[in-house]
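J.: Structure incoming, see below.
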Amino acid sequence: MSNPVEPRSPDGREKFGAEELGIVLSNYDIGIVDSIVEFPRGSRKAPKLVIVAEHGKYLMKRRARGRDDAFKVAFCHQIQLFLMAKQFPLPHLIGTKRDNNSLLQWRGAIYELFEYIPGQGYPQSMEATGDSGRILALYHKLLETFQSTYQPPTGSYHMAPSVEASMRQIPKTLARVPNMQDVCTFLLQSYNHAASTVDRIGMDAWPKQIVHGDWHPGNMLFRENRVVAVIDYDSARLLPRVLDIANGALQFSILGGDDDVTKWPDNVDEGRFKRFMKGYDEVVLLSEAELQTVPWLMVEALIAEAVFPIAATGQFARMDGALFLNMVVRKVAWIQQNAQRLIELCAH
């Protein structure tokens with residue numbers, strides 16, 4: 001059967017149709033429904049609803065096109081169900097009433113129903129930062145021996161050929177901006193130097209395990225400076241764990257500001273950086289070699305995150321791509337100059 005024509009909000013966000021919602025809800029045993037409210041967060045292509053019903057409060061989601069491969073979704077659910085059984089903080093998947101399946105397929109689309117977990121965004125406190133590192137370590141510890149018949153992806157921000165391809169595209173995308181070639185040359189040289197440093201330390205020979213792949217504040221809910229739920233397992237993959245740790249350390253310590261990126265500081269927040277790493281150490285001790293790679297992987301992650309959208313659109317979110325890249329240059333230079341200091345901050 002062909003896919004339904006999906007209604008959209010005035011802002012372009014996809015919505016649930018009435019027939020679609022009725023049929024999908026009929027597959028779950030949640031009792032009498034009291035209220036249904038749109039939940040306009042995350043991807044515009046993945047509509048979500050908050051549903052209050054007789055048996056609880058739920059979040060329903062239709063998978064975005066392109067992120068709805070049933071085998072990949074089943075793999076992500078396998079991870080979540082494994083973690084759920086270990087009491088890891090995450091929204092529990094609700095199974096269908098007929099066969100207790102964690103994903104529902106209808107007319108070529110995939111639907112998920114989760115328990116709704118109330119929480120707030122990252123409060124930027126030291127306590128919340130430390131707990132974010134601790135919960136990442138718990139994630140790694142629990143999944144250290146996790147096995148699946150699905151072959152997980154192995155790509156990452158480290159030594160990715162697509163980064164160089166994007167870097168070579170940026171001067172064309174921003175052809176009217178002077179000095180873009182110089183900016184891209186510096187960033188590409190910095191990226192390659194960081195990658196070769198990591199390889200020289202020996203990361204390629206380290207054990208690989210399932211990592212989260214997108215550990216940042218937006219993928220967590222907090223209450224009273226504690227992580228109450230980790231969400232979004234779509235980027236889970238098989239990699240050395242330090243790739244997760246370095247990206248998390250960057251995401252929880254990077255300093256931004258308003259839309260004027262020229263005023264963003266060069267440095268990371270050293271206090272939050274140290275607290276994140278110490279939080280991780282409370283559960284799992286990193287080797288000295290792993291610690292040596294962290295600043296250089298942060299450089300790679302920072303550059304990789306910036307170049308893809310700017311190469312494609314000339315912008316990063318709603319910010320001017322050229323100004324954003326100049327800000328990235330400043331931050332990369334700071335991390336390079338302070339790499340040893342960052343390593344010493346998280347030394348045992």
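Any read-out appearing in this document is the output of simple, stated calculations on the displayed coordinates, not a laboratory observation. As the structure is a computational prediction, the values presented were derived from the model and not from experiment. In this analysis, Cβ positions are derived from the backbone assuming ideal geometry, glycine residues included, and neighbour counts consider all displayed protein chains.
J.: Rounded if a/c is under 1.5, else prolate if a/b beats b/c, else oblate: with a ≥ b ≥ c from the C-alpha gyration tensor eigenvalues square-rooted, which is the stretch 293-348?
T.: Prolate shape, in that a/c is at least 1.5 and a/b is the bigger ratio.
J.: Now, a different point. If Lys and Arg each add +1 and Asp and Glu each add -1, what is the summed charge of the other residues whose beta carbon sits under 10 Å from the beta carbon of GLN124?
T.: Charge balance in the 10 Å sphere: 0.
J.: Please go through the stretch 266-331 and write out the trypsin sites (Lys or Arg not before Pro) that DSSP classes as loop and that have at most 12 other C-beta atoms within 10 Å.
T.: When the trypsin sites (Lys or Arg not before Pro) of the stretch 266-331 are filtered for loop state and at most 12 Cβ neighbours within 10 Å, ARG318 remain.
J.: Quick one: 3J(HN,Hα) in Hz for the stretch 141-147, Karplus 6.51/-1.76/1.60 with θ = phi - 60°, rounded, Gly and Pro as x.
T.: 5, 5, 9, 4, 10, 5, 10
J.: Gap in Å between the Cα centre of the stretch 181-201 and the Cα centre of the stretch 91-118?
T.: If we compute the Cα centre of each part, the gap is 43 Å.
J.: So, one more: Short version: ³J(HN,Hα) in whole Hz for each residue of the stretch 45-52, in order, from phi by Karplus 6.51 cos²θ - 1.76 cosθ + 1.60 (θ = phi - 60°), x for Gly and Pro, what are they?
T.: Calculated HN-Hα couplings, in order: 8, 10, x, 9, 9, 9, 10, 9 Hz.
J.: Treating the angle as unsigned and between 0 and 90°, give the value, to the nearest 10°, between the Cα long axis of helix 242-253 and the longest Cα principal axis of the chain.
T.: Here the helix axis deviates by roughly 90 degrees.
J.: Continuing with the same structure: Taking just the alpha carbons, could you work out the radius of gyration and Dmax for the stretch 110-202, both in angstroms?
T.: 20.1, 51
J.: Is the stretch 75-149 rounded, prolate or oblate when judged by the Cα gyration tensor, a ≥ b ≥ c being the square roots of its eigenvalues, rounded requiring a/c under 1.5 and prolate requiring a/b larger than b/c?
T.: Taking the square roots of the gyration eigenvalues as a ≥ b ≥ c, the stretch 75-149 is oblate.
J.: Taking a ≥ b ≥ c as the square roots of the eigenvalues of the Cα gyration tensor of the stretch 18-115, is the shape rounded (a/c under 1.5), prolate (a/b larger than b/c) or oblate?
T.: rounded
J.: Let me ask you something else. Could you list the GluC sites (Glu not before Pro) in the stretch 129-229 that lie in coil according to DSSP, counting only those with at most 15 other Cβ atoms within 10 Å of their Cβ?
T.: GLU144, GLU224
J.: Set the bar at 30 Å for Cα to Cα. Now go through LYS172/LYS263; LYS48/LYS274; LYS172/LYS208 and name every pair that lies beyond it.
T.: Check vs 30 Å cut-off fails for LYS48/LYS274; LYS172/LYS208.
J.: Which net charge results when you count Lys and Arg as +1 and Asp and Glu as -1 among the other residues whose beta-carbon is under 9 Å from that of ARG241?
T.: My count for the surroundings of ARG241 gives -2.
J.: Can you list which of the GluC sites (Glu not before Pro) found in the stretch 235-303 are DSSP loop residues with at most 15 other C-beta atoms within 10 Å?
T.: Here the sparse-neighbourhood loop sites are GLU282.
J.: With N set to the residue count of the stretch 213-284, report its C-alpha Rg divided by 2.2 N^0.38 Å to two decimal places.
T.: In units of the 2.2 N^0.38 Å rule of thumb, it is 1.22.
J.: Oh, and also: Could you tell me what a quarter of the Cα convex hull surface of the stretch 23-178 works out to, in nm² with one decimal place?
T.: Taking the Cα atoms of the stretch 23-178, their convex hull projects to 14.0 nm² on average.
J.: Once you list every other residue whose beta carbon is under 15 Å from the beta carbon of VAL261, what net charge do they have if Lys and Arg are +1 and Asp and Glu are -1?
T.: Net of charged neighbours comes to -2.
J.: Still on this model: Compute the relative contact order of the chain as a whole-number percentage, counting only Cα pairs closer than 8 Å that sit 6 or more residues apart in sequence.
T.: 17 percent
J.: With the alpha-carbon atoms as the only input, what is the per residue convex hull volume for the chain in Å³?
T.: In the chain, the Cα convex hull volume per residue is 155 Å³.
J.: Amide H to amide H, which residues 5 or more places from HIS92 or on other chains are under 5 Å from it, using H placed in the peptide plane?
T.: Answer set, sorted by chain and number: GLU115.
J.: Also: Quick one: Cα centre-to-centre distance for the stretch 229-304 and the stretch 128-172, in angstrom?
T.: Between the Cα centres of the stretch 229-304 and the stretch 128-172 lies a distance of 11 Å.
J.: What ³J(HN,Hα) values, in whole Hz, does the Karplus curve 6.51 cos²θ - 1.76 cosθ + 1.60 give for the stretch 56-64 when θ = phi - 60°, with x put for Gly and Pro?
T.: x, 10, 9, 10, 9, 9, 9, 4, 5
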